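Trainee: Okay, handing you the structure first.
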Amino acid sequence: MRSQARLTVFMVLSGVGLAAGCSSGGSSKGSGGSPGSGGRDGGGGEALGTGGGSGGTAGGTGGNTAGTGGTAPTDAAVPANDLAKACASNADCGGGLICAGAGDNVFASSGPAHGYCTKACGDEDGGDLCNPLGGVCVNMGTTTTAAPFCLLGCTFGGMDRGAKCRGRNDVGCASLSDGAGAVTVDVCVPLCAVDADCPSGRRCDQGTGLCTATPKAGDPLGAACSPPGDGGTNTCAGLCLPVGAGAGGTAVAARFCSQPCVLGSPTACNLAIGTTPLAGASHGGCVLITTGGQLGDVGFCAQECDTAADCLNKRDPGGMCDVSISAGSPIAPHGFCTW
């Protein structure tokens, strides 16, 4: 058994851009770079990025850990084992794997939507346990209370949606790094989209993407915010996302509340289709992507709108409701708040 250190890892974000049609299964086109973006907050496990100044790249906030041994697999095919398979009980997971259920508390007192077949791993044996399964040892707990489990490897930016993360709409491919570039792996992380993804008595935590009985309270999708990296306090129910203006923009144009999502998931961000009214609930679309992101990868939510008056962020100047993004898609006539 080889020894291997467990490292804190972050999602690599080299600019967040707007993707047209991602939430309805279309192709993507970048239209707005950024200095970086927020990721998973609090004790829910993954740290999926943060803002990174004006240089157009981002580091991370910390939170997850991963084993250093081995190489994560590509999306060449759905694995023969059950790693990352949806499950309701251990009986659904073969090969010595267990079911981390949506109603369980194995991932930082929370559970993954619709379950996730996995195996516990540790500092010394993470590579030996996870690598043969095509996985990586990742801390799904907190920085103070670790909960290392095997997560399935993937290829961020890969085109095979059917093989990537088993084609699940509640599991997305995220690029993780130690922040210094020493280790980078792509893994399939569980992400609930709406409360309906969770069992009775639980709700979808917008910051962690996990099902919990005590989701973080805070401002809704689209509200103006100030990330801790800028000296502020995150008041969002999810994360505070900075975005840039214009194609390849590096200066921050706006900061608003968002949440991680799976690109192409039909329910991501509580998307409202067609004539579904936007009033009375928070609606958005998984249309913000990091460089190279494709369907099945982790993206971020933008607020849905019909006019600029619908956009909650009134603080940052230049906001608009861009309905051209969804033109010709089932989302029309709704658009998304952009800068």
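Trainee: Do we find a residue being open to solvent by 40 Å² or more (accessible area, probe 1.4 Å) and more than 25 Å from THR235 (Cβ to Cβ) anywhere in region 310-320?
Mentor: no
Trainee: Still on this structure, please answer the following. What single numbered condition from (1) under 21 Å from ASP170 (Cα atoms); (2) open to solvent by 10 Å² or more (accessible area, probe 1.4 Å); (3) over 17 Å from the mean Cα position of the chain (by Cα) fails to hold for VAL252?
Mentor: Unmet condition: (1).
Trainee: For the condition open to solvent by less than 10 Å² (accessible area, probe 1.4 Å) and modelled with pLDDT under 95, what is the one hit in LEU241, LEU210?
Mentor: Just a single option satisfies the conditions, and that option is LEU241.
Trainee: Just give me the residues in region 200-218 being touching a residue at least 60 places away in the same chain (Cβ under 8 Å) and not in a loop (DSSP other than H, G, I, E, B), in sequence order.
Mentor: CYS204, CYS211, THR212 - these are the residues of region 200-218 that are touching a residue at least 60 places away in the same chain (Cβ under 8 Å) and not in a loop (DSSP other than H, G, I, E, B).
Trainee: Does CYS261 satisfy being part of a strand (DSSP E or B) and either among the hydrophobic types (A, V, I, L, M, F, W, C) or open to solvent by 10 Å² or more (accessible area, probe 1.4 Å) (or both)?
Mentor: For CYS261, the condition - part of a strand (DSSP E or B) and either among the hydrophobic types (A, V, I, L, M, F, W, C) or open to solvent by 10 Å² or more (accessible area, probe 1.4 Å) (or both) - is met.
Trainee: Does any residue of region 120-130 turn out to be under 22 Å from PRO199 (Cα atoms), among the aliphatic types (A, V, I, L, M) and at pLDDT below 90?
Mentor: Step one: of region 120-130, the residues under 22 Å from PRO199 (Cα atoms) are none.
The answer is no, given that none of the residues of region 120-130 is under 22 Å from PRO199 (Cα atoms), among the aliphatic types (A, V, I, L, M) and at pLDDT below 90.
Trainee: With respect to CYS192, determine if the residue is within 15 Å of GLY115 (Cβ to Cβ) and touching a strand residue (DSSP E or B) at 6+ places or on another chain (Cβ under 7 Å). Steps first, please.
Mentor: Details: within 15 Å of GLY115 (Cβ to Cβ): yes; touching a strand residue (DSSP E or B) at 6+ places or on another chain (Cβ under 7 Å): yes.
In short, yes.
Trainee: Would you be able to tell me the number of residues in region 266-309 that are touching a Cys at 6+ places or on another chain (Cβ under 6 Å), surrounded by fewer than 24 Cβ atoms within 10 Å (Cβ to Cβ) and among the polar types (S, T, N, Q)?
Mentor: The total comes to 1.
Trainee: List pairs: first in region 259-286 and without any contact (Cβ under 8 Å) to a residue 24 or more places away in the chain and within 15 Å of ASP195 (Cα to Cα), second open to solvent by 10 Å² or more (accessible area, probe 1.4 Å) and assigned to a loop (DSSP other than H, G, I, E, B), Cβ under 6 Å, 6+ apart or cross-chain?
Mentor: Taking only residues 6 or more apart or on different chains, not a single pair turns up.
Trainee: Under 30 Å from GLY157 (Cβ atoms) and open to solvent by 10 Å² or more (accessible area, probe 1.4 Å): is that true of GLY229 in this structure?
Mentor: So GLY229 passes the test.
Trainee: Restricting attention to region 161-179, which residues are in contact with a helix residue (DSSP H, G or I) (Cβ under 9 Å, 6 or more places away or on another chain) and at pLDDT below 95?
Mentor: ARG161
Trainee: Go over the candidates ASP92, ASP82 one by one and state the one that is open to solvent by 40 Å² or more (accessible area, probe 1.4 Å), among the acidic types (Asp, Glu) and modelled with pLDDT of 95 or more.
Mentor: Numbers: ASP82 fails: open to solvent by 40 Å² or more (accessible area, probe 1.4 Å).
Checking each option against the conditions leaves just ASP92.
Trainee: Can you go through PRO190, PRO228, PRO215 and tell me which one is closer than 30 Å to ASN313 by Cα and modelled with pLDDT under 90?
Mentor: Checking each option against the conditions leaves just PRO228.
Trainee: From the list GLY157, GLY141, which one is assigned to a loop (DSSP other than H, G, I, E, B), out of contact with any helix residue (DSSP H, G or I) (no Cβ under 9 Å at 6 or more places or on another chain) and modelled with pLDDT under 90?
Mentor: Unique residue meeting the criteria: GLY141.
The values are calculated or read from the model by the stated rules, or taken from the named source; none is laboratory data. Predicted, not measured: the structure shown is a model, and the values here were computed from it. Because the Cβ atoms are built from the backbone with ideal geometry, glycine has one as well, and the counts that use them run over all protein chains shown. Quick note on the areas: whole protein, heavy atoms, side chains included, nothing else; ligands and nucleic acids left out. Shrake-Rupley method; radii C 1.70, N 1.55, O 1.52, S 1.80 Å.
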